[in-house]
1. Considering only segment 140-179, how many residues are farther than 17 Å from L103 by Cα and part of a helix (DSSP H, G or I)?
2. Look through E179, E169 and report the one residue that is of a type in the set (D, E, K, R), closer than 16 Å to H106 by Cα and in contact (Cβ under 8 Å) with a residue 12 or more places away in the chain.
3. Taking segment 52-67 on its own, how many of its residues are assigned to a loop (DSSP other than H, G, I, E, B) and out of contact with any strand residue (DSSP E or B) (no Cβ under 8 Å at 6 or more places or on another chain)?
4. Regarding L85, is this residue open to solvent by less than 50 Å² (accessible area, probe 1.4 Å) and assigned to a strand (DSSP E or B)?
5. Considering only residues that are within 21 Å of L238 (Cα to Cα), touching a residue at least 12 places away in the same chain (Cβ under 8 Å) and among the basic types (K, R), which ones fall in segment 249-308?
6. I'm told T153 meets every condition in (1) buried (at least 22 other Cβ atoms within 10 Å of the Cβ); (2) of a type in the set (V, I, T); (3) at pLDDT below 95 except one. Can you identify the failing condition by its number?
7. Looking at (1) touching a Leu at 6+ places or on another chain (Cβ under 7 Å); (2) open to solvent by 40 Å² or more (accessible area, probe 1.4 Å), which is the only condition V46 fails?
8. Which of the residues belonging to segment 172-185 are closer than 22 Å to A161 by Cα, open to solvent by 50 Å² or more (accessible area, probe 1.4 Å) and either touching a strand residue (DSSP E or B) at 6+ places or on another chain (Cβ under 9 Å) or not acidic (D, E) (or both)?
Amino acid sequence: MSPDRVTSDPAPARLSVGVVSAGRVGTALGEALERVGHVVFGCAAVSDASRRRAETRLPDAEIMPATDVARRSELLILAVPDQELDALVRGLARTDAVSPGTLVLHTSGANGVGILAPLAGRGVVTMAVHPAMTFSGKPEDTDRLATACFGITAADEIGLAIAQGLVLEIGGEPVGVPEEARTLYHAALAHGSNHLVTLVVDALDALRDALAHEELPGQQPVEQRPGGVAERVLAPLLSAALDNVLRSGQGALTGPVARGDGATVSRHLDALTDLDPRIAAGYRAMSLRTAERAGADDTVMNVLRDNE
């Protein structure tokens, strides 16, 4: 593909796409692009899990070394873990594996286009295109991309137009992220999604212990694994809380901290400490931040600070 074609046709109907590597993100993105007419001709896959994923989800793609994928790509997707991206880019630049005019994007949330600088001086269009989504490695990951936002950063207007076009093609929403704000952008996503998992798992552990002591006749036994009674109790509450905060922001806050009920908060801390001091420490930290946001009075703040 020539640079002129890139300039005049920023989102061609069909691109020859190479993916490095066939992890959860790369496979889902490659599959999403194939659904809209692009062709994933090859991918790099080292682990057994990646090879199986590629063979199942990208069956027409040939598994080959990363340099071979790069040499044949019109659109090269670098979907490796953040800590591996810099070495991969430098290796591709050192071996002259990427031809001028190639579209190169990475999917790292924490990095902008600066990390692609070793390739940028070679007539390559560089883009950072990060799907703001969590990936399980299952086929539904690809479906979720059609409802996801993508944090995009590009070195110039051409790259920006191409990145926007690719995201829109697969049904996503492009959202511009300045180069200097990529770390903050990624921190916000990690804080919300990763810590939510920890919060919910801690809540489930406590709830399982609370429910296991006395079960109603005919009730399913409380099991120490996902998919049981505890999950069914929490699921509607968590779904409603998430929906409420996304619609109403701080106004969605309820519970003893927001009500200024220091006595209940204190009893919560005692019960959680008896179960697992680590869960109690997490509850205290989140309650203190909640109290700060809610402007809680000294009754609550003193309880939380006394337990530090």
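1. Residues that pass the stated criteria total 7.
2. Only one candidate passes the filter, namely E179.
3. 1
4. no
5. R284, R293
6. Only one criterion in (1) buried (at least 22 other Cβ atoms within 10 Å of the Cβ); (2) of a type in the set (V, I, T); (3) at pLDDT below 95 is unmet by T153, namely (3).
7. In the conditions (1) touching a Leu at 6+ places or on another chain (Cβ under 7 Å); (2) open to solvent by 40 Å² or more (accessible area, probe 1.4 Å), V46 misses (1) alone.
8. Once the filter is applied, which keeps residues that are closer than 22 Å to A161 by Cα, open to solvent by 50 Å² or more (accessible area, probe 1.4 Å) and either touching a strand residue (DSSP E or B) at 6+ places or on another chain (Cβ under 9 Å) or not acidic (D, E) (or both), segment 172-185 yields E173, V175, G176, P178, E179.
The values are calculated or read from the model by the stated rules, or taken from the named source; none is laboratory data. A quick note: this is a predicted structure, and the numbers were derived from the prediction, not measured. A quick note on method: Cβ atoms are made from the backbone with ideal geometry, for glycine too, and the neighbour counts reach across all protein chains shown. For the accessible areas, the whole protein counts, side chains as well, though only heavy atoms, and no ligand, DNA or RNA atoms are used. Shrake-Rupley method; radii C 1.70, N 1.55, O 1.52, S 1.80 Å.
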